[in-house]
1. Rounded to the nearest 0.05, what FRET efficiency do MET134 and ARG61 have when you use their Cβ-Cβ distance and R0 = 25 Å?
2. May I ask which residue of TRP105, GLY31, HIS136 lies farthest towards the positive end of the charge dipole of the chain, with charges of +1 (Lys, Arg) and -1 (Asp, Glu) on Cβ and the Cα centre as origin?
3. When each pair of different Cα atoms in the stretch 35-120 is counted once in the 1/r mean, what is the Kirkwood radius in angstroms, to one decimal?
4. Under a 10 Å cutoff between Cα atoms, tell me which one of PHE116, PHE156, PHE142 has the largest fluctuation in the Gaussian network model of the chain.
5. Over all alpha-carbon pairs in the chain, figure out the percentage whose distance exceeds 26 Å.
6. To the nearest 20 debye, what is the magnitude of the charge dipole of the stretch 50-168 about its Cα centre, counting +1 on the Cβ of each Lys and Arg and -1 on the Cβ of each Asp and Glu?
7. Run the numbers on the chain and let me know its relative contact order in percent, using alpha-carbon pairs under 8 Å that are six or more apart.
8. Please build a GNM for the chain, connecting alpha carbons under 10 Å apart, and tell me which residue among THR158, THR109, THR126 fluctuates the most.
Amino acid sequence: AATEQIEHRKSKTENLQNAQDSEILEHSLAGHVGHAIAPVFYPLGYDWKASVGVAGAFFAREVIVSTMGIVYSVGDTENSTEALRTAMRNDTWPPNSPRAGQPVWTPLTAISLMVFVVFCMQCRSTLAVAKREMGHWGWPVFMFVYMTALAWVAAFVTYQGGHLLGFR
């Protein structure tokens, strides 16, 4: 019984620390960037946290998962993947949102994010190599703008089309 109480208190302490870390992150530079670009991504089903993940993935698309781990403040738990999954599953839209109380992460939102990540030019290194090979920034800027716009439109069609078809 004493061991269970200790584990319960440890779990509560970790949850409080994670909540505090999440609050700090929301008011950090990354949080401000996420809130600033969130309206662009709202039609795709993303909140400010997902927007931070997408922005962070510009450096390398594979870091989106670790960025989401930081955003959701899952900490350095032994099973951080499960902790992230649980945190995302339990996340709901805030009361001031038109989607208030609804889950942020639905299968449709996840598919929309996967579509965005597949099409988006989210690799700074690739753009740098293209600039070096071309000798100017024209093509890399075109690649970034074109592929990001294509990704946004594809994710928009996926998310909004899914809603029209009755998926959530």
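1. 0.70
2. Highest projection toward the positive end goes to HIS136.
3. One decimal place: 13.2 Å for the Kirkwood radius.
4. Fluctuation is largest for PHE142.
5. So the portion of pairs separated by more than 26 Å is 37 percent.
6. With Lys and Arg at +1 and Asp and Glu at -1, about 320 debye.
7. Relative contact order, the chain: 20 percent.
8. Answer for the Gaussian network model of the chain: THR126.
Taken together, the values in this text are just the output of simple stated rules run on the coordinates, not laboratory data. Keep in mind that what you see is a predicted model, and the values were worked out from it rather than measured. Because the Cβ atoms are built from the backbone with ideal geometry, glycine has one as well, and the counts that use them run over all protein chains shown.
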